[in-house]
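Chemist: The structure follows.
The values are calculated or read from the model by the stated rules, or taken from the named source; none is laboratory data. Note that the structure is predicted; figures quoted are calculated from it, not measured. Don't worry about glycine lacking a Cβ; one is built from the backbone with ideal geometry, like all the others, and counts go over all protein chains shown. The area values use the complete protein model at the heavy-atom level, side chains included, leaving out ligands, DNA and RNA. Shrake-Rupley method; radii C 1.70, N 1.55, O 1.52, S 1.80 Å.
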Amino acid sequence: MKAPLSWIKDYIDLDGIGIEELANLLTNVGLEVESVQLVGVEKPAGILKNKYFGLPWDKEKFVVAEVVEVNQHPNADRLTLCELNDGTGITTVLTGAPNMVPYLGKGRLDQPLKVAYAREGAMLYDGHQPGQVVTKLKKTTIRGVESRSMICSEKELGISEEHEGIIELDADAPVGMPLVDYMGDVVYEVAILPNMARDASILGIARELSAVTGRPLRLPQGIALEDGGEITEKVGLEVRDTELNPRFMLGMVEGTQARKSPYWVQRRLSLAGMRPIDALVDATNYTMLEIGEPLHAFDYDLLRERAGGKPTIITRTACEGEKITLLDGSEPQLDTQMELVTDGVGPLSIAGVMGGGETGVHGETRNLLIESANWNFINLRKTLSKTRINSEAAYRFSRDVHPALAETALSLCLKRVQEWGGGEVVRGVLDDYGKPYEDTVNRLSAENIAEVLGQEISLEESTQILERLGFTCWMEGGELVAKSPSTRTDIETGIIGQRNLIEEIARVYGYERIAGKRLSDELPPQVGNPDLEAEERIRDIMVSIGLQDTLAYRQTSPEREARLFIGRKAPQGLTYVRLKNPITPERTVMRRSAMATMLELLEYNTKFRPGLALFELGPVFLPVADEVLPHEALRLSIGLTGAWDVASWDRPQSKAMDFFDLKGVVEALLDGLHLEGVKFQSTAHPSFHPGKCAEVRVGEEILGVMGELHPQVKKNYAFGQDPVLVAEFDGEMLVRLSSEVFINRAISGYPAMVEDIALIVDESVPAEDLEALIWQAGGKLLVDVKLFDVYRDARLGEGKKSLAYQLTYQAFDRTLNDKDSLNIRNRIVKQTKNTFGAVLRSQ
Amino acid sequence: MLEIEEKLQAELTRGIEALQTVVTVESLEAWKQDFLGKSSLVMQTYGSMGKLAKEERPIVGKAVNQLKVGLEAALAEKEEGIKTASQQETFTKETLDVTLPGRKPRRGRIHPLHLTLRQIYQIFADMGFQIYRSPEVETDDYNFTFLNIPPYHPARDMWDTFYTDKEGVVLRTHTSPGQVRVMRERAPQNIRVILPGTTMRYEQLTARSEIEFIQVELLVVGKGITFADMRGTLNDFARRTFGENARTRLRPSFFPFTEPSAEMDVQCFVCGGEGCGVCKGTGWLEILGCGMVHPTVLRYGGYDPGVYSGFAAGMGIDRSTLMRYHIDDIRHFRNNDIRFLEQF
Ligand SMILES: [Zn+2]
């Protein structure tokens, strides 16, 4: 909402309050000032907490002047030469403004035209460039006529984008007066909170200022309205549903004219962001901006013509298949939920949203019918959600307007139409107020206030605040009773109503005056969050291994996830949480696969670093049949590619990582989480290399899958030569199986014996099984088994491999001797021979 | 004393003196020849022992032994000295250019938003707050209705919502649904929790606005919780985050689930309130929204608003992390550009 200061001052005296101070007052009362536009006024001095823009008008360079005669430019048809009095004398000013053309050849004007005049050297906005480009007014010669100064349009002064015609000031503008003194202004753009929709009006803003400054509010006076009267002969009214249309009023002006409004009206509308049209339309818009009640104006004669006699206005919901063409030319789809204003013939407007093009006011309108109504805001919001129409009226009605405002608005609007457009107000109004609004009454004690705020605010001070906001207050049994004003509908009753009042009191009293305290209530029962703690432990372990923590977008697309499969063909039947209103085609669903995300992260980053080691811990979203919400399953994904070591100036880049680098990372993680009984098993998975993929099991449970990306899947991404290694694990299982507490192994004080042993076995014997048997055969004196070589050679025999282990023996109670080691070794050789046919390889 | 004894004693003095001038391996060899070689006094004396009178032999034998031991000890010391000196020379030749870069180990880092989260967890843990998490895909009821935002209410305009193709299911627009979830789980106990998590809003993706971002929300419910308690708690949080002298201000705002509602600003930590690019010249940074829990929300959570009260506050940590590290683009957080992440 844009509020010109000059307009606010119609309703409240703000003398002595600076521009910046006023902005801070507004913000502190809940009307956050988003920007302050300076219209001709100098920027205030000092540290400014608000955003300012605009252009000062130099008092010497910009003055009010009058054009006394308009003549034709000798060499150009579309240019005129104006004889102008700027208070110091007569000069000739050249202009191309079309609105000077009608005065050509009239000689000396009977009624001089008052204009905004800029002298040579004035800093103003360039009227011929888009946007606001500041330029200095310089002497030029146009088609042989010298020009040093100019008559300004609104664009050059920063009032609006209008630059077609020059401003025609009101006749009482004093010639020679600095322009800034005559019409300099400040426009506050304030954000209107949803619960302060009543302040989407100049009067609403003035009322807040009155509350916070304690200065009295001056209400505008309209004409007196009386029910019935002559108007009943001109038009009929029928409201079909008072729930949807609690109030509908009609007033009428005859013999009026759609001429230009006084310039001060046009200027205020422009500054508030609305385009001035003519006196009739301006009167409705001005009144809406003034008090917040939108109005609609009909050309009465057109209605009469349609009806073939006395028209009757009927408000009702739309019928099946009904059509309307709106003012903006659009033809929205109507349905039976939508409330319309109609006559016997058909729809005239979508109630509270926008009028139809056919029956609105136009340049020739003489007899004007004004609608001032109230609409059910919930129903209206349903209409808006379907039609997606934006209008100033819809903006206000959709936030609920008090029905009493319909009456105030009509009385003000009728007065303005008559003042600005002329004509006679027809006696009487039609008023169907089928559902009178009952203003709420709430009781409040001093304790109620202190209980919520933690600070005492006396009932006397509270009363003053509420009264300045328009409440009617009285004391009853030591309690404050407050009746809500007939301008707002946001104050409820009961405990919520009390809370509403306390908020009103607190914000005007000033949040800054409420001192902070430390919480002193009893602490709740202490519970930890073991899941979160385990997750953070996983992060710490991964980072300690050397992997980078990442954070993934939840939104992706099935096409992106299909890259996980050969030929980008995802299996049938994958269900997704799908977005109804995706922001881009790349993000249409919630992700199912953390591995897909990880591959994208690796792909994106390979161009920046020769080696990558990333992990991500976050949810995937798996729809569950018969459940409303998806399962948000925690996933840990790991991605490695390129060299692990970072190359340095004297050491070449090491080899690219392979399966066993990934396995090492996984083992380190599982070891760090103290998981017991982990097994790696060769497995098949469509995304992985058929021979380089393992399933990780903990007991009977499958923790996840890991391995080298299938070369044909790799083609779906922009990767280089290096293998891409990924793992995706069930994060919840990791969290569940991990333990913070574990049994620490004792360290023996006796020396250890170390010896090597190499066993030849068939290729088919899994290393893991062989090692398990070595442990078993070794007995309790065997304390470490390290595989240090895997060797294949024709001399070993076809389909054979040699596995070399370093074995460590140690006792807790004595130093071992050669006999001990020979015993252990013999047991290992014998049992591996019996079970796997292992042969001891001669050294 | 025999003449020969005196001669042998003098030889030791002479030998040690001669050794003092020795500095190289070569001159040491010459010295060895002179004093311990075949023609040296020591060796000659040994050779002529047989010619000595029987009673003189033990006396001369002892003296020559002493001489030999003395000379050998002096030699050993000298040899050690020469060796050390020559090694020192070798070491000097091995001097490195210590300004050459070190070899970089692979180092993992915690993501910057996770760092911020951990800091917040820590601060609130110190104040006795527990951590509660709730789903990212939510029902319309929890995301809106239970938070006093019924269907078609004007306040719904405050959130640009992602809807799913399932009726009544949305991507949560804030972490506030967790308020009602934790209340329903814990009523009628006192509550002091923070609710962290990813939230999603339908916005244009630009350097300043994201569709996904992390929020942390605070919820306190108990008997006699007031606006003043809220202010005190949030002030403490601001001081822990922005420094002991951090100044805050509260101004009126609106959230359907709190009343009274406020917006808290902290004085810009970059310019100290003078106005700069980070605070857009205003001297203040908007850091969180807060307010007293609305009676309707308490009711939905299973608490009688006539008996219990509470406050809630919510902040977006992406923006505060941006400000903290002067990050120019909010999208860096989820693009995970390694060049960005490596800096933390
Ligand atoms: Zn700053």
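Chemist: Give the residues of the stretch A:715-730 that are closer than 19 Å to A:Arg560 by Cα and polar (S, T, N, Q), sorted by residue number.
Modeler: Here is the first cut: in the stretch A:715-730, the ones closer than 19 Å to A:Arg560 by Cα are A:715-719, A:724-728.
A:Asn716 - this is the single residue of the stretch A:715-730 that is closer than 19 Å to A:Arg560 by Cα and polar (S, T, N, Q).
Chemist: Could you say whether any residue in the stretch B:266-277 is within 16 Å of the ligand (Cβ to nearest atom), farther than 28 Å from B:Arg186 by Cα and either of a type in the set (Val, Ile, Thr) or at pLDDT 95 or above (or both)? Walk me through it before giving the result.
Modeler: Just the residues of the stretch B:266-277 that are within 16 Å of the ligand (Cβ to nearest atom), to begin with: B:266-277.
Restricting the remaining residues to those that are farther than 28 Å from B:Arg186 by Cα gives B:266-277.
Pick out the ones that are also either of a type in the set (Val, Ile, Thr) or at pLDDT 95 or above (or both) and you get B:266, B:270.
Among the residues of the stretch B:266-277, at least one is within 16 Å of the ligand (Cβ to nearest atom), farther than 28 Å from B:Arg186 by Cα and either of a type in the set (Val, Ile, Thr) or at pLDDT 95 or above (or both), which makes the answer yes.
Chemist: Moving to a separate point now. Among the residues that make up the stretch A:420-428, is at least one of them assigned by TED's automatic domain parsing to the domain that holds A:Ile491 and touching a Leu at 6+ places or on another chain (Cβ under 6 Å)?
Modeler: The initial filter retains those residues of the stretch A:420-428 that are assigned by TED's automatic domain parsing to the domain that holds A:Ile491, namely none.
For the stretch A:420-428, residues assigned by TED's automatic domain parsing to the domain that holds A:Ile491 and touching a Leu at 6+ places or on another chain (Cβ under 6 Å): absent.
Chemist: Another question, if that's okay. Identify, from the list A:Lys655, A:Lys679, the residue that is among the charged types (D, E, K, R) and within 26 Å of A:Pro711 (Cβ to Cβ).
Modeler: Working: A:Lys679 fails: within 26 Å of A:Pro711 (Cβ to Cβ).
Of A:Lys655, A:Lys679, the one residue that is among the charged types (D, E, K, R) and within 26 Å of A:Pro711 (Cβ to Cβ) is A:Lys655.
Chemist: Using the structure shown, decide if B:Val180 is open to solvent by less than 30 Å² (accessible area, probe 1.4 Å), touching a residue at least 24 places away in the same chain (Cβ under 8 Å) and within 10 Å of chain A (Cβ to nearest Cβ).
Modeler: Values: open to solvent by less than 30 Å² (accessible area, probe 1.4 Å): yes; touching a residue at least 24 places away in the same chain (Cβ under 8 Å): yes; within 10 Å of chain A (Cβ to nearest Cβ): no.
Here the answer is no, as B:Val180 does not meet what is asked.
Chemist: Kindly provide the set of residues from the stretch A:20-40 that are away from every other protein chain (no Cβ under 14 Å), surrounded by 19 or more Cβ atoms within 10 Å (Cβ to Cβ) and on the phi < 0 side of the Ramachandran plot, ordered by number. Walk me through how you get there before you give the answer.
Modeler: So in the stretch A:20-40, the residues away from every other protein chain (no Cβ under 14 Å) come out as A:21-22, A:37-40.
Now drop any that are not surrounded by 19 or more Cβ atoms within 10 Å (Cβ to Cβ), which leaves A:22, A:37-40.
If the condition is that a residue be away from every other protein chain (no Cβ under 14 Å), surrounded by 19 or more Cβ atoms within 10 Å (Cβ to Cβ) and on the phi < 0 side of the Ramachandran plot, then A:Leu22, A:Gln37, A:Leu38, A:Val39 are the ones that fit.
Chemist: Name the single residue, out of those in the stretch A:558-595 being among the polar types (S, T, N, Q) and more than 14 Å from chain B (Cβ to nearest Cβ), that is most open to solvent (accessible area, probe 1.4 Å).
Modeler: Here is the first cut: in the stretch A:558-595, the ones among the polar types (S, T, N, Q) are A:572, A:575, A:581, A:584, A:588, A:593.
Imposing the further condition that a residue be more than 14 Å from chain B (Cβ to nearest Cβ) reduces the set to A:572, A:593.
Numbers: A:Gln572: 174, A:Ser593: 14 Å².
Here the answer is A:Gln572.
Chemist: Hey, B:Asp229 hits all of (1) more than 16 Å from the ligand (Cβ to nearest atom); (2) closer than 28 Å to A:Ile457 by Cα; (3) within 27 Å of the chain's Cα centre (by Cα) but one; which does it fall short on?
Modeler: Looking at each condition in turn, B:Asp229 falls short on (3).
Chemist: Sticking with this structure for a sec: Would you confirm, using the coordinates I've provided, whether A:Leu564 is in a loop (DSSP other than H, G, I, E, B) and either in contact with an Asp or Glu (Cβ under 7 Å, 6 or more places away or on another chain) or in contact (Cβ under 8 Å) with a residue 24 or more places away in the chain (or both)?
Modeler: Values: in a loop (DSSP other than H, G, I, E, B): yes; either in contact with an Asp or Glu (Cβ under 7 Å, 6 or more places away or on another chain) or in contact (Cβ under 8 Å) with a residue 24 or more places away in the chain (or both): yes.
For A:Leu564, the condition - in a loop (DSSP other than H, G, I, E, B) and either in contact with an Asp or Glu (Cβ under 7 Å, 6 or more places away or on another chain) or in contact (Cβ under 8 Å) with a residue 24 or more places away in the chain (or both) - is met.
Chemist: Going by what's in this entry, would A:Val101 be described as modelled with pLDDT of 95 or more and within 20 Å of A:Glu164 (Cα to Cα)? Let's see the steps before the verdict.
Modeler: On the way: modelled with pLDDT of 95 or more: no; within 20 Å of A:Glu164 (Cα to Cα): yes.
Answer is no for this residue.
Chemist: Looking at (1) within 11 Å of another protein chain (Cβ to nearest Cβ); (2) in contact (Cβ under 8 Å) with a residue 60 or more places away in the chain; (3) among the hydroxyl-bearing types (Ser, Thr, Tyr); (4) part of a loop (DSSP other than H, G, I, E, B), find the lone condition where B:Thr296 falls short.
Modeler: Among (1) within 11 Å of another protein chain (Cβ to nearest Cβ); (2) in contact (Cβ under 8 Å) with a residue 60 or more places away in the chain; (3) among the hydroxyl-bearing types (Ser, Thr, Tyr); (4) part of a loop (DSSP other than H, G, I, E, B), the lone unmet condition for B:Thr296 is (4).
Chemist: Grab the strands (runs of 3 or more DSSP E) fully contained in the stretch A:671-789, keeping just those with 1 or more residues being open to solvent by 60 Å² or more (accessible area, probe 1.4 Å), of a type in the set (S, T, N, Q) and in the same structural domain as A:Met542 (by TED's automatic domain parsing). If you could, list the steps in order and put the result at the bottom.
Modeler: Details: elements: A:678-682, A:688-698, A:701-709, A:724-730, A:753-762.
Fully inside the stretch A:671-789 and qualifying: A:678-682.
Chemist: Kindly indicate which of B:Glu244, B:Glu274, B:Glu259, B:Glu286 is open to solvent by 10 Å² or more (accessible area, probe 1.4 Å), more than 16 Å from B:Asn148 (Cα to Cα) and not in a loop (DSSP other than H, G, I, E, B). Break it down into steps so the answer makes sense when it comes.
Modeler: Numbers: B:Glu244 fails: not in a loop (DSSP other than H, G, I, E, B); B:Glu274 fails: not in a loop (DSSP other than H, G, I, E, B); B:Glu259 fails: more than 16 Å from B:Asn148 (Cα to Cα).
Just a single option satisfies the conditions, and that option is B:Glu286.
Chemist: So which of B:Gly302, B:Gly316 is more than 8 Å from chain A (Cβ to nearest Cβ), on the phi > 0 side of the Ramachandran plot and more than 16 Å from the ligand (Cβ to nearest atom)? Give the steps one after another, and end with the answer.
Modeler: Numbers: B:Gly316 fails: on the phi > 0 side of the Ramachandran plot.
Matching residue, one of B:Gly302, B:Gly316: B:Gly302.
Chemist: Right, another one. So, in the stretch A:516-544, of the ones that are in contact with a Leu (Cβ under 7 Å, 6 or more places away or on another chain) and within 7 Å of chain B (Cβ to nearest Cβ), which residue ends up nearest to B:Met127 (Cα to Cα)?
Modeler: Going through the qualifying residues, I end up with A:Arg539.
Chemist: Next question. Consider A:Leu466 carefully, then state whether it is at pLDDT 95 or above, closer than 20 Å to A:Asp490 by Cβ and either within 35 Å of the chain's Cα centre (by Cα) or not assigned by TED's automatic domain parsing to the domain that holds A:Ala279 (or both).
Modeler: Yes; evaluated as a whole, the condition is true for this residue.
Chemist: May I pose another question? Mind telling me which of the residues A:Glu616, A:Glu600 ends up being on the phi < 0 side of the Ramachandran plot, within 11 Å of chain B (Cβ to nearest Cβ) and assigned to a strand (DSSP E or B)? I'd like the intermediate steps shown before the answer.
Modeler: Details: A:Glu600 fails: assigned to a strand (DSSP E or B).
Testing whether each residue is on the phi < 0 side of the Ramachandran plot, within 11 Å of chain B (Cβ to nearest Cβ) and assigned to a strand (DSSP E or B) leaves just A:Glu616.
Chemist: Taking strands (runs of 3 or more DSSP E) that do not extend beyond the stretch A:118-212, which have at least 3 residues that are open to solvent by 30 Å² or more (accessible area, probe 1.4 Å) and not assigned by TED's automatic domain parsing to the domain that holds A:Asp490? Walk me through it before giving the result.
Modeler: Details: elements: A:123-125, A:134-136, A:140-142, A:145-147, A:185-190.
Because the criterion is at least 3 residues that are open to solvent by 30 Å² or more (accessible area, probe 1.4 Å) and not assigned by TED's automatic domain parsing to the domain that holds A:Asp490, the strands (runs of 3 or more DSSP E) in the stretch A:118-212 that meet it are A:134-136, A:140-142.
Chemist: Tally the residues that are at pLDDT below 95 and either of a type in the set (Ser, Thr, Tyr) or within 30 Å of the chain's Cα centre (by Cα) (or both), restricting the search to the stretch A:276-328.
Modeler: 4
Chemist: Of the conditions (1) within 16 Å of the ligand (Cβ to nearest atom); (2) within 20 Å of B:Ile214 (Cα to Cα); (3) without any contact (Cβ under 8 Å) to a residue 40 or more places away in the chain, B:Ala238 clears all except one; give me its number.
Modeler: (3)
Chemist: Just to be sure before I move on: is B:Thr296 open to solvent by 10 Å² or more (accessible area, probe 1.4 Å), among the hydroxyl-bearing types (Ser, Thr, Tyr) and assigned by TED's automatic domain parsing to the domain that holds B:Arg156 in the structure I sent? Please lay out each step first, then the result.
Modeler: Numbers: open to solvent by 10 Å² or more (accessible area, probe 1.4 Å): yes; among the hydroxyl-bearing types (Ser, Thr, Tyr): yes; assigned by TED's automatic domain parsing to the domain that holds B:Arg156: yes.
Judged against the criteria, B:Thr296 is a match.
Chemist: Next up: Name, by its number, the condition in (1) facing chain A (nearest Cβ under 7 Å); (2) in contact with a strand residue (DSSP E or B) (Cβ under 7 Å, 6 or more places away or on another chain) that does not hold for B:Thr282.
Modeler: Every condition holds for B:Thr282 apart from (2).
Chemist: To continue, here is another question. Is there a residue being closer than 18 Å to B:Tyr300 by Cα, at the interface with another protein chain (Cβ under 10 Å from one of its Cβ atoms) and open to solvent by less than 10 Å² (accessible area, probe 1.4 Å) anywhere in the stretch B:196-206?
Modeler: Going through the stretch B:196-206, the residues closer than 18 Å to B:Tyr300 by Cα turn out to be none.
Taking every residue of the stretch B:196-206 in turn, none turns out to be closer than 18 Å to B:Tyr300 by Cα, at the interface with another protein chain (Cβ under 10 Å from one of its Cβ atoms) and open to solvent by less than 10 Å² (accessible area, probe 1.4 Å).
Chemist: Looking at the structure I just gave you, is B:Ile149 more than 19 Å from B:Gly301 (Cα to Cα), more than 9 Å from every other protein chain (Cβ to nearest Cβ) and touching a residue at least 12 places away in the same chain (Cβ under 8 Å)?
Modeler: On the way: more than 19 Å from B:Gly301 (Cα to Cα): no; more than 9 Å from every other protein chain (Cβ to nearest Cβ): yes; touching a residue at least 12 places away in the same chain (Cβ under 8 Å): yes.
No: the conditions fail for B:Ile149.
Chemist: Any idea which of (1) within 10 Å of chain A (Cβ to nearest Cβ); (2) buried (at least 22 other Cβ atoms within 10 Å of the Cβ); (3) touching a residue at least 24 places away in the same chain (Cβ under 8 Å) is the one B:Arg249 doesn't satisfy?
Modeler: Of everything listed in (1) within 10 Å of chain A (Cβ to nearest Cβ); (2) buried (at least 22 other Cβ atoms within 10 Å of the Cβ); (3) touching a residue at least 24 places away in the same chain (Cβ under 8 Å), B:Arg249 misses just condition (2).
Chemist: State all residues of the stretch B:252-265 that are touching a His at 6+ places or on another chain (Cβ under 7 Å) and more than 8 Å from chain A (Cβ to nearest Cβ); if no residue qualifies, say none.
Modeler: B:Phe257, B:Thr258
Chemist: Oh, and also: Filter the helices (runs of 4 or more DSSP H) completely within the stretch B:49-164 down to those with at least 3 residues that are out of contact with any Pro (no Cβ under 9 Å at 6 or more places or on another chain) and open to solvent by 30 Å² or more (accessible area, probe 1.4 Å).
Modeler: On the way: elements: B:57-93, B:112-126, B:140-143.
Per the criteria, B:57-93, B:112-126.
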